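Reading through the structure tokens given below for one structure.
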Amino acid sequence: MGSRKTGLQQVVEGRGHRDLTMFNEVCPAVLDYQAHPFKIEFQLGGDRKVYYPDHIRLLRTGVIELIEVKRTPADIADPEYREKLAGVAEIARRVDWNFRILYQADIDGPPNRKANVEAIYMRRFMLLSREEQMAISEFVMAEQPLPWGDLRSRICPGDARRGQATLYCNVALGRISIDLDAPITDASIVAPCNPVPTRRGFRI
């Protein structure tokens, strides 16, 4: 899966991995992410363990999350496997990361999330005109939220379809933020996203 946010191909397997990758790609709260980023080798109870994380992501808050994707809690019913995950969680804690297990239901979220994520994801590589980029920059610098319909009209006056796509693209770019779990209507509030100065990261 091609990623504009990371500039890399994201290799995924299964529905949960795909859906989480799409969410990470378009969610403004996620600054950086990687699917199947690396492997972790460690000793647990005298035994050598190898663990391949499913995802890692850096949030706008500065938090780094190491993520294991599962379909349901039944996938981690095996006591030995749970002990291994506990070891991974301790390693994450020692480097000040959060270890999380996300089930398919967690990734799916409320009913509106899937449609919103898909609509935004499809516009992530959209080419914006200089005028559109400047209009979004002015909105971000003003630091004043606006209703979705008002901002769309300001960005692309007279062309609602183009304006809708432009706003979707800028959500994916992390320049503006919208509630991905609620229906996106003309009354939905759009918030500007200021650049986040952070030195935290997981890439070498």
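Remarks
- Nearest 10 degrees, 0 to 90: helix 14-26 Cα axis against the chain principal axis: 40 degrees
- Each other residue within a Cβ distance under 14 Å of PRO73 adds +1 if Lys or Arg and -1 if Asp or Glu, for a net charge of 0.
- Beta bridges by DSSP in the range 1-142, antiparallel share as percent, to the nearest 5: 70 percent
- Charges were assigned to the Cβ only: +1 to each Lys and Arg, -1 to each Asp and Glu. The resulting dipole of the chain about its Cα centre is roughly 440 debye.
- Amide proton proximity set for TYR33, modelled H, under 5 Å, gap of 5+: LEU58
- Each of SER188, SER137 was scored by other Cβ atoms within 10 Å of its Cβ. Arranged with the fewest first, they read SER137, SER188.
- Tail weight of P(r) past 24 Å, computed on alpha-carbon pairs of the range 59-164, percent: 51 percent
- At 0.692 mPa s and 37 °C, Stokes diffusion of the range 126-192 via Kirkwood alpha-carbon radius, µm² per second: 282 µm²/s
- Whole-Hz Karplus values for the range 178-193 come out as 9, 6, 6, 9, 10, x, 8, 10, 4, 8, 4, 8, 9, 10, x, 10 Hz, taken residue by residue from phi with 6.51 cos²θ - 1.76 cosθ + 1.60 and θ = phi - 60°; glycine and proline positions read x.
- For the range 1-148, the relative contact order comes to 19 percent (Cα pairs under 8 Å, sequence separation of at least 6).
- Over all Cα atoms in the range 12-98, the spread is summed up by Rg and Dmax: 13.7, 42 Å.
- Whole-Hz couplings from phi, Karplus 6.51/-1.76/1.60, listed for the range 56-63; x for Gly and Pro: 9, 8, 9, 8, 4, 6, x, 6
- Taking the convex hull of Cα positions in the range 62-115, its mean projected area over all directions (nm²): 4.6 nm²
- Cut-off under 5 Å, modelled amide H: who pairs with CYS193 long-range: ILE176, SER177
- Residue among ILE56, ALA86, ILE101 farthest towards the positive dipole end of the range 32-125, charges placed on Cβ: ILE56
- Dividing the mean sequence gap of close Cα pairs (under 8 Å, 6+ apart) by how many residues the range 1-57 holds gives a relative contact order of 29 percent.
- For LYS49, the lysines whose Cα falls under 24 Å of its own Cα, not counting residues fewer than eight places away in the same chain, are LYS39, LYS70, LYS84.
- Charge dipole (the chain, unit charges on Cβ, about Cα centre) - positive-most of PRO145, LEU128, LEU31: LEU128
- Distance from the alpha carbon centroid of the range 110-151 to that of the range 6-74 works out to 26 angstrom.
- Backbone phi angles across the range 157-172, fed through the Karplus curve with coefficients 6.51, -1.76 and 1.60 (θ = phi - 60°), yield HN-Hα couplings of x, x, 9, 4, 5, 5, x, 4, 5, 5, 5, 4, 4, 6, 5, 4 Hz in residue order; Gly and Pro are listed as x.
- Those lysines that a straight Cα-Cα span of less than 22 Å connects to LYS5, excepting residues fewer than 8 apart in one chain: LYS114
- Rounded to the nearest 20, the Cβ-based charge dipole of the range 126-192 about its Cα centre (Lys and Arg +1, Asp and Glu -1) stands at 220 debye.
- As a rough footprinting exposure proxy, the listed residues PHE23, PHE38, PHE202 were ranked by other beta carbons within 10 Å of their own, and the order from fewest upward is PHE38, PHE202, PHE23.
- Which label in (i) 12.4; (ii) 13.7; (iii) 16.4 gives the computed mean projected area of the Cα convex hull in nm²: (i)
Laboratory data are not the source of any read-out in this text; all were calculated from the coordinates shown. Note that the coordinates shown come from a computational prediction; the quantities given were computed from them, not determined experimentally. Glycine gets a Cβ as well: all are built from the backbone with ideal geometry, and neighbour counts include every protein chain shown.
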